[in-house]
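The values are calculated or read from the model by the stated rules, or taken from the named source; none is laboratory data. Since the model is a prediction, treat every value here as computed from it, not as a measurement. Reconstructed Cβ throughout: ideal geometry from the backbone, glycine too, with neighbour counts over all protein chains shown.
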Amino acid sequence: MFVYKMVFSTGIEPVSRPSEGLILSIELREHSVAYFPKIDSIGFRKTTVLYEKYKKMQIIFDKVEKFLEAPSLLPKIIIIYGPTACGKTGLSIELAKHLGTEVIGADSRQIYRYMDIGTGKITEAEKQGIRHHMIDIRNPDEEYSVGEYQKETFSIIEDMQGRGKIPILCGGTGLYLDAVAFHFDIPPMEPDWEYRDRLDAIRQERWNEYLWNRLHDADPKYAKTIHPNSHHAVIRALEVLEKTGKSKSELRAKKDPLFDVLFLTPYDGDREKLYDRINARIEEMFDQGLVDEVKGILDKGYSPDCKGLGTIGYKEVLQYLDGKCTIGECKAKIQQGNRNYAKRQLTWFRRY
């Protein structure tokens, strides 16, 4: 008899003996049993919710087991994707515990140190002892390209596979996930700081939309994947066009795949529920001290114009600190920005 105990993020612990709680049993390779406290002690409704979560996780586990058992000439990896605030982190932890493996982050903002609250970065407590990679690897003012991410992630995957572990990539940055899953050929390119400075001077004079429109005219496919306010990404894309005569879309040629990939998402298609979760998450970020986090980054000597602070959640707080908006307006802007970002993510992830 193989007994599998699942503990959800609700904080409710499984009881030690079946006689003390409700037994939920679903067939796996062998018999798998999850124990929950008595219905009387936690309420029928909460018990039903836990049961539904358990069933959903069991479906995912079954899918993963079939994927891992299927023959393949390529090494296997798992990618957990989806829009912001859809539950990717929770799924990655449960799956990593189930498989006894590690998680590789795929978030272009969580690579930055000190930017924890505003990026929804997983905490040490939430990791539950699971080792995480590609988090806190750069300072907020450092450049970091998709090509660098691809190279570092390939190295981590190779190391994990050498230790007999199934790599789990988890995140919402489509470019990062695509670079690994589809093995894009991304040529290395040294930054042209003089050209970037010229574009940034134009941006400050004519604002973000002007540069984004220039990019959209030359490379509409790539421009649609980034927000006009992500001016670092816009400038980088224009720089690539200037130096190579080719768009980023053209340069990202697919090569033969390196991995057999299983794509998983916790997103259930309910956009209204997703937006409610996004709004609630932003409120929670402010309760956790987002404003103080931004002040702390500035106190460390980082410029308000640095790459990290130019992203959603940070640039709006900077506007609040400069007296350009109220705290309520700041929250509303961040909520709207994240909802818009989620829309773009959903469009991107249709290919999976």
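Do you know which of the residues in segment 293-337 that are of a type in the set (Asp, Glu) and over 23 Å from residue 142 (Cα atoms) is surrounded by the most Cβ atoms within 10 Å (Cβ to Cβ)? Applying the filter and picking the extreme gives 329.
Got a number for residues in segment 70-114 being assigned to a loop (DSSP other than H, G, I, E, B) and touching a Cys at 6+ places or on another chain (Cβ under 7 Å)? Selection size over segment 70-114: 1. Restricting 164, 172 to residues that are assigned to a loop (DSSP other than H, G, I, E, B) and within 18 Å of the chain's Cα centre (by Cα) narrows the list to 172.
Taking residue 340 as the residue in question, decide whether it is among the polar types (S, T, N, Q), at pLDDT 95 or above, surrounded by fewer than 19 Cβ atoms within 10 Å (Cβ to Cβ) and closer than 13 Å to residue 85 by Cα. Against the criterion (among the polar types (S, T, N, Q), at pLDDT 95 or above, surrounded by fewer than 19 Cβ atoms within 10 Å (Cβ to Cβ) and closer than 13 Å to residue 85 by Cα), residue 340 does not qualify. Restricting the search to segment 211-223, which residues are in contact (Cβ under 8 Å) with a residue 24 or more places away in the chain and surrounded by fewer than 17 Cβ atoms within 10 Å (Cβ to Cβ)? Within segment 211-223, 218, 221 meet the criteria. Scanning segment 225-245 for residues that are among the basic types (Lys, Arg) and surrounded by fewer than 14 Cβ atoms within 10 Å (Cβ to Cβ) returns a single hit, 243. It is to be established whether one or more residues within segment 132-150 are touching a helix residue (DSSP H, G or I) at 6+ places or on another chain (Cβ under 9 Å), polar (S, T, N, Q) and crowded, with 20+ Cβ neighbours inside 10 Å. No, segment 132-150 contains no residue that is touching a helix residue (DSSP H, G or I) at 6+ places or on another chain (Cβ under 9 Å), polar (S, T, N, Q) and crowded, with 20+ Cβ neighbours inside 10 Å.
Go through segment 246-275 and report how many residues are in a helix (DSSP H, G or I), out of contact with any Asp or Glu (no Cβ under 9 Å at 6 or more places or on another chain) and surrounded by 12 or more Cβ atoms within 10 Å (Cβ to Cβ).
3
Only one of the numbered conditions (1) at pLDDT below 85; (2) farther than 30 Å from residue 158 by Cβ; (3) among the acidic types (Asp, Glu) is violated by residue 190, and that is (2).
Residue 312: under 20 Å from residue 116 (Cβ atoms) and either within 16 Å of the chain's Cα centre (by Cα) or free of Cβ contacts under 8 Å to residues at least 24 places away in the same chain (or both), yes or no? For residue 312, the condition - under 20 Å from residue 116 (Cβ atoms) and either within 16 Å of the chain's Cα centre (by Cα) or free of Cβ contacts under 8 Å to residues at least 24 places away in the same chain (or both) - is met. Within segment 160-209, can you find the residues that are among the small types (Gly, Ala, Ser), loosely packed, with under 15 Cβ neighbours inside 10 Å and outside the structural domain of residue 226 (by TED's automatic domain parsing)? Correct list: 162, 164.
Residue-wise test of (1) in contact with a helix residue (DSSP H, G or I) (Cβ under 7 Å, 6 or more places away or on another chain); (2) surrounded by fewer than 22 Cβ atoms within 10 Å (Cβ to Cβ).
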residue	(1), (2)
54	no, yes
58	no, yes
65	no, yes
71	no, yes
82	yes, no
92	no, no
98	yes, yes
104	yes, no
116	yes, yes
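If you go through segment 94-117 and keep only what is free of Cβ contacts under 8 Å to residues at least 40 places away in the same chain and in contact with a strand residue (DSSP E or B) (Cβ under 8 Å, 6 or more places away or on another chain), you end up with 111, 113.
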